[in-house]
Amino acid sequence: ANVAYLVIVGDVTPEEAKANADKYFGSWEKGDVPSQNFETPATPTGNQVAFVPLDGAVQSVISVTHAIDFKPGSADAAAASVMNSILGGGVFSGRLMQNLREDKAFTYGARSSLSSDKVIGSFSAGASVRNEVTDSSIVEILFELNRLTTEMAADSTLDFVKNSMNGSFARSLESPQTIARFALNIERYGLPADYYATYLERLSAVTKEDVLAAAKKYIKPNNLY
């Protein structure tokens with residue numbers, strides 16, 4: 001109970017919510033919470049490849065990844081999100097999708113993700129491809145990662161991605177789960193109370209230079225698993 005959060009969103013008053021919380025959780029006793037300490041994952045020396053063979057597989061599942069120091073509420077979080085969206089974080093126009101699907105026809109979908117965490121975050125990019133284009137797909141993924149960390153994005157690309165993210169954020173507010181997650185994140189990670197209310201302002205302020213700086217900081221094309 002001493003490490004739990006209860007978030008309530010919906011057509012209910014604070015008084016009703018508290019009464020129900022007391023009714024169903026009021027007798028929940030605190031307990032001992034084990035504490036674990038782990039070393040920060042080391043960055044790979046050079047690119048390293050791990051094969052997991054599966055007899056009879058008709059496709060390869062590729063994951064290109066490494067750990068990153070990316071904590072919730074980081075000052076460059078908006079720029080990092082834009083950078084990841086340009087690469088392949090959800091919009092169909094993402095470079096991975098355009099390269100591996102539209103241009104090469106290697107896969108139905110290729111995407112990337114940038115995950116924040118108060119201990120250790122992660123970056124990953126990947127796709128499920130035909131066996132015979134496994135090596136070619138990895139080459140193209142690495143090409144796009146290098147391109148992202150060395151070239152400035154075009155103004156049209158930046159505007160398109162920011163507009164898409166703006167719309168996605170607005171639509172997400174229709175979900176009670178999203179509102180609950182925002183409230184939980186503010187509480188868990190000590191974010192400013194207006195962190196999400198001011199998100200669109202931070203998104204609008206992201207520049208091409210910010211995106212390139214985020215790519216150089218969070219993506220290591222020569223130190224990947």
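Scanning region 4-13 for residues that are open to solvent by 100 Å² or more (accessible area, probe 1.4 Å), of a type outside the set (Ser, Thr, Tyr) and either part of a helix (DSSP H, G or I) or touching a residue at least 12 places away in the same chain (Cβ under 8 Å) (or both) turns up just one, Leu6. Only residues that are more than 22 Å from Leu6 (Cβ to Cβ), within 19 Å of the chain's Cα centre (by Cα) and loosely packed, with under 14 Cβ neighbours inside 10 Å were counted across region 176-203, and they come to 0.
For region 26-59, what are the residues that are touching a residue at least 24 places away in the same chain (Cβ under 8 Å), open to solvent by less than 100 Å² (accessible area, probe 1.4 Å) and at negative phi? Listed by number, the residues that qualify are Gly31, Val33, Pro41, Thr43, Pro44, Asn47, Gln48, Ala50, Ala57, Gln59. Against the criterion of being touching a Gly at 6+ places or on another chain (Cβ under 6 Å), without any contact (Cβ under 8 Å) to a residue 40 or more places away in the chain and surrounded by 13 or more Cβ atoms within 10 Å (Cβ to Cβ), Gly89 does not qualify.
Table: residues versus (1) without any contact (Cβ under 8 Å) to a residue 24 or more places away in the chain; (2) closer than 23 Å to Val211 by Cβ; (3) of a type in the set (Asp, Glu).
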{"position": "Leu142", "(1), (2), (3)": "no, yes, no"}
{"position": "Arg147", "(1), (2), (3)": "no, yes, no"}
{"position": "Ala153", "(1), (2), (3)": "no, yes, no"}
{"position": "Phe160", "(1), (2), (3)": "no, yes, no"}
{"position": "Ser172", "(1), (2), (3)": "yes, yes, no"}
{"position": "Arg188", "(1), (2), (3)": "no, no, no"}
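The values are calculated or read from the model by the stated rules, or taken from the named source; none is laboratory data. All values reported here derive from a predicted model rather than from experimental measurement. No Cβ is skipped: glycine too gets one built from the backbone with ideal geometry, and neighbour counts run over all protein chains shown. Just the protein is used for accessible areas: all its heavy atoms, side chains included, with ligands, DNA and RNA removed. Shrake-Rupley method; radii C 1.70, N 1.55, O 1.52, S 1.80 Å.
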